[in-house]
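Step one of this worksheet: look at the structure below.
The values are calculated or read from the model by the stated rules, or taken from the named source; none is laboratory data. No experiment lies behind these values; they were computed from the predicted model shown. In this analysis, Cβ positions are derived from the backbone assuming ideal geometry, glycine residues included, and neighbour counts consider all displayed protein chains.
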Amino acid sequence: MVVQGAAEHEAVPEDRFEYFWNQRGEWVEEPNVRRGGESGVQRIKSADGQLLYAKRQTGHIYRSYLHPFGRPTVLRELDALTGLHKLKVRVPEIVFCGAQRDPVHQWRALLVTKSLDGFEEIEHWYAGGGRERHGEAVHDRVLKDLAENLARMHRGRWQHSCLYIKHVFVRVVGEGENAVVETALLDLEKCRQRLTARRAASHDMKQLRRHSSFAAADWKKLVYFYETAFGSAIKGL
């Protein structure tokens, strides 16, 4: 596996960049025009047949105090993925990331990650009867694992910034007490670090509440698990 560090992108070997750039597959997210360019996600296969996801961007940048002239958004996502991996937050594993300018000085950028095999959107898991099939004890463990993932992210001062329920994925393997429960977070393109853990926590948890359909009792339980893992209460939850 090749992981390009946040400071190494300008020197990505051309052949490796071109190899992934020229791969084609089914569009998971059709290219959309925003941020002055295009961005889309395709499913592709590695040389050994492994399923990968390639976020492909042209001229798709963001601007900040540190990058007033623009920086490809996949590089911000790479920073977040790298930081969250170190915190043991479950997120997609990086295969390759790179960015370079084409002959007309427009950014081309790629972020290739491994598939989260066996995971599905938590709303799909609910709709498919996952809660009923595995029972309330396992469902409590799903909420607890999600809460602990979020708390680890926020204690590291990382704010997801787009924490909608569709970006929460779950995998349950096995049954009853032997079930292995895992949750994961996706779509970290807007993720950034805040000055304090509490600011990151407050923003994301309130956003998740607005953009999810948790029943009141389930949300109360999620908040209990979250505040236990975070180490303090968050006002307004």
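Numbers for the structure displayed
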{"read-out": "Which listed residue is β-branched (Val, Ile, Thr), at pLDDT 95 or above and crowded, with 17+ Cβ neighbours inside 10 Å, from Val173, Val181", "value": "Val181"}
{"read-out": "Tabulated pairs, segment 119-130, first in contact (Cβ under 8 Å) with a residue 40 or more places away in the chain, second of a type in the set (Lys, Arg) and surrounded by 17 or more Cβ atoms within 10 Å (Cβ to Cβ), C-beta under 6 angstrom, 6+ apart or interchain", "value": "Phe119/Arg171"}
{"read-out": "Test for Ala147: is it touching a Leu at 6+ places or on another chain (Cβ under 6 Å) and touching a residue at least 12 places away in the same chain (Cβ under 8 Å)", "value": "yes"}
{"read-out": "Among (1) surrounded by fewer than 17 Cβ atoms within 10 Å (Cβ to Cβ); (2) farther than 26 Å from Trp21 by Cβ, the one test that His139 misses", "value": "(1)"}
{"read-out": "Residue that is surrounded by the fewest Cβ atoms within 10 Å (Cβ to Cβ) [pool: residues in segment 187-213 that are touching an Asp or Glu at 6+ places or on another chain (Cβ under 9 Å) and assigned to a loop (DSSP other than H, G, I, E, B)]", "value": "Ser213"}
{"read-out": "Number of the exception - Arg152 against (1) modelled with pLDDT of 95 or more; (2) within 17 Å of the chain's Cα centre (by Cα); (3) surrounded by fewer than 19 Cβ atoms within 10 Å (Cβ to Cβ); (4) not in a helix (DSSP H, G or I)", "value": "(4)"}
{"read-out": "Residue that is surrounded by the most Cβ atoms within 10 Å (Cβ to Cβ), among those in segment 72-126 that are among the small types (Gly, Ala, Ser) and in a strand (DSSP E or B)", "value": "Ala109"}
